[in-house]
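Working notes, beginning with the structure itself.
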Amino acid sequence: MPFATKSGRRIHYEVQGHGPPLLLLHGLLQLGSHWSLKGYLAALTDAYTVVTFDSLGHGRSDTPHDLEAYGLRHRVEDALSVLDALSIDRAHAWGYSMGGWTVCGLASFAPERLASYVVGGWDPAVGLPVAYAALEKQLRPGKDVDWFQVLLFGARRAPELAEAIDAGDLDALRLCLKACEKSAGLDEALVQSRRPGLLYCGALDPYHDSMKAVAARAGAAFATIEHADHGGAWAKAPKVLPHVLPFLESVARR
């Protein structure tokens with residue numbers, strides 16, 4: 001059971017396949033193994049050395065009760081710790097939701113380690129407040145909202161997320177969400193990185209229009225996952241892969 005520890009935090013990772021390195025970063029309440037569960041790895045491991053890991057606060061990785069540990073710079077340090085453990089200088093990086101936030105952080109703090117980036121279901125310009133604003137429209141005016149409990153309630157509809165939540169450290173997961181709230185202003189990092197990029201989003205996801213605008217400014221490709229909300233654009237790998245695979249193939253040939 002391999003762990004990367006260079007960042008000072010134990011990060012559990014796994015490696016499968018062969019070819020150019022591809023780092024996959026999961027979303028909040030998910031696990032690195034969920035990329036396989038949802039059918040992504042089967043389409044990737046013949047062409048790429050696929051690296052997955054449990055983000056801090058999740059699965060077999062450390063679960064500190066310190067909000068600062070979950071900040072974006074530390075998230076990037078954890079991802080680089082995994083790459084360093086495998087002696088990987090540069091990798092393609094693909095993240096969804098919170099994982100997309102971390103990919104934006106890689107573009108901001110370590111663009112030299114990116115061969116290309118794929119960001120799904122994350123608004124680099126404004127971030128999590130966009131989702132909160134959309135959800136508030138469905139709630140009674142003046143109602144105090146515990147966003148973490150709202151997240152748990154929705155996530156438990158997916159059996160694999162319910163299992164991860166029940167096995168996880170809820171205090172650590174709450175801190176993960178809290179850290180993600182400070183997520184605005186990363187669009188410029190994508191623009192300045194000058195790396196090939198693809199952004200994609202469900203048509204029903206409140207992040208959609210802002211992500212499309214960010215992609216245009218960054219010179220990145222953009223894909224709409226039709227008839228999908230935020231969770232759907234993660235769960236529907238057969239709708240996502242036809243956009244991501246050609247992009248990765250095109251940048252791998254450069």
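The values are calculated or read from the model by the stated rules, or taken from the named source; none is laboratory data. This is a predicted model, so every value here is computed, not measured. All Cβ positions, glycine included, derive from the backbone under ideal geometry; neighbour counts span all protein chains shown. Calculation scope for accessible area: heavy atoms of the full protein, side chains included, ligands and nucleic acids excluded. Shrake-Rupley method; radii C 1.70, N 1.55, O 1.52, S 1.80 Å.
Yes/no matrix, rows are residues, columns are (1) open to solvent by less than 40 Å² (accessible area, probe 1.4 Å); (2) more than 23 Å from Arg174 (Cβ to Cβ); (3) touching a residue at least 60 places away in the same chain (Cβ under 8 Å):
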site: Gln30; (1), (2), (3): yes, no, yes
site: His34; (1), (2), (3): yes, no, yes
site: Leu37; (1), (2), (3): no, yes, yes
site: Asp46; (1), (2), (3): no, yes, no
site: Thr49; (1), (2), (3): yes, yes, no
site: His58; (1), (2), (3): yes, no, yes
site: Glu68; (1), (2), (3): no, no, no
site: Leu72; (1), (2), (3): yes, no, yes
site: Ala91; (1), (2), (3): yes, yes, yes
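Name the single residue that is nearest to Trp35 (Cα to Cα) among those in region 227-254 being open to solvent by 70 Å² or more (accessible area, probe 1.4 Å) and touching a residue at least 24 places away in the same chain (Cβ under 8 Å).
Filtering region 227-254 for residues that are open to solvent by 70 Å² or more (accessible area, probe 1.4 Å) and touching a residue at least 24 places away in the same chain (Cβ under 8 Å), the one nearest to Trp35 (Cα to Cα) comes out as Pro238.
Only one of these is farther than 20 Å from Pro20 by Cα, of a type in the set (D, E, K, R) and in contact with a strand residue (DSSP E or B) (Cβ under 9 Å, 6 or more places away or on another chain): Arg113, Arg90, Arg75. Name it.
Testing whether each residue is farther than 20 Å from Pro20 by Cα, of a type in the set (D, E, K, R) and in contact with a strand residue (DSSP E or B) (Cβ under 9 Å, 6 or more places away or on another chain) leaves just Arg75.
Got at least one residue in region 96-107 being at pLDDT 95 or above, open to solvent by 30 Å² or more (accessible area, probe 1.4 Å) and either within 23 Å of Val244 (Cβ to Cβ) or of a type outside the set (A, V, I, L, M, F, W, C) (or both)? Reasoning before the result, please.
In the first step, residues of region 96-107 are kept if they are at pLDDT 95 or above; the result is 96-107.
Checking which are open to solvent by 30 Å² or more (accessible area, probe 1.4 Å) leaves us with none.
Checked region 96-107: no residue is at pLDDT 95 or above, open to solvent by 30 Å² or more (accessible area, probe 1.4 Å) and either within 23 Å of Val244 (Cβ to Cβ) or of a type outside the set (A, V, I, L, M, F, W, C) (or both).
Go through the residues of region 141-154 one by one and say whether even a single one is open to solvent by less than 20 Å² (accessible area, probe 1.4 Å), of a type in the set (A, V, I, L, M) and within 21 Å of Ala115 (Cα to Cα).
So the first thing to find is which residues in region 141-154 are open to solvent by less than 20 Å² (accessible area, probe 1.4 Å), and the list is 148, 152.
Imposing the further condition that a residue be of a type in the set (A, V, I, L, M) reduces the set to 152.
Still in the running and within 21 Å of Ala115 (Cα to Cα): none.
No, the conditions are met nowhere in region 141-154.
Does Asp123 meet the test of being crowded, with 24+ Cβ neighbours inside 10 Å and touching a Lys or Arg at 6+ places or on another chain (Cβ under 8 Å)? Before the answer, list the steps.
Details: crowded, with 24+ Cβ neighbours inside 10 Å: yes; touching a Lys or Arg at 6+ places or on another chain (Cβ under 8 Å): no.
No, not satisfied.
Looking only at region 159-180, count how many residues are open to solvent by less than 90 Å² (accessible area, probe 1.4 Å) and within 18 Å of the chain's Cα centre (by Cα).
Final tally of qualifying residues: 11.
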